[in-house]
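The block underneath contains the structure these notes are about, expressed in structure tokens.
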Amino acid sequence: MKLEHIKYQTCPYDQQEGILLTDIEEIFPQTDDEGDLQYYCTSGRHLFSYNENSDYQSED
Ligand SMILES: [Zn+2]
């Protein structure tokens, strides 16, 4: 897995840039219980997940 390609995702809350959360050595991305990648939006301090195999998860 090449993290460069997935390092950034647009924040679904304010459309700002979210940065991929990784371990301290930036080798393995952090994921939630469903295996979705975790991103942190520094502009709005939003934490969001993104599954590269699907669209953004809807919040029902
Ligand atoms: Zn945001």
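The values are calculated or read from the model by the stated rules, or taken from the named source; none is laboratory data. Just so it is clear, the model here is predicted, and its values are computed rather than measured. Cβ: placed from backbone, ideal geometry, glycine included. Neighbour counts: every protein chain shown.
Yes or no: segment 9-24 includes at least one residue that is at pLDDT 95 or above and of a type in the set (Phe, Trp, Tyr).
yes
Looking only at segment 40-60, how many residues end up being among the aromatic types (Phe, Trp, Tyr), farther than 13 Å from Leu20 by Cα and modelled with pLDDT of 95 or more? Reasoning before the result, please.
Applying the first criterion (among the aromatic types (Phe, Trp, Tyr)) to segment 40-60 yields 40, 48, 50, 56.
Okay, now just the ones that are also farther than 13 Å from Leu20 by Cα, so 56.
After this cut, where a residue has to be modelled with pLDDT of 95 or more as well, the list is none.
Going through segment 40-60 one residue at a time, the tally reaches 0.
Please work out which residue is nearest to Thr10 (Cα to Cα), limiting yourself to segment 28-44 and to residues that are in a loop (DSSP other than H, G, I, E, B) and more than 9 Å from the ligand (Cβ to nearest atom). Walk me through it before giving the result.
Taking segment 28-44 as the starting set, the residues that turn out to be in a loop (DSSP other than H, G, I, E, B) are 28, 30, 32-36, 42-44.
Retained after the next criterion (residues that are more than 9 Å from the ligand (Cβ to nearest atom)): 28, 30, 32-36.
Values: Phe28: 20, Gln30: 17, Asp32: 18, Asp33: 21, Glu34: 20, Gly35: 18, Asp36: 15 Å.
That would be Asp36.
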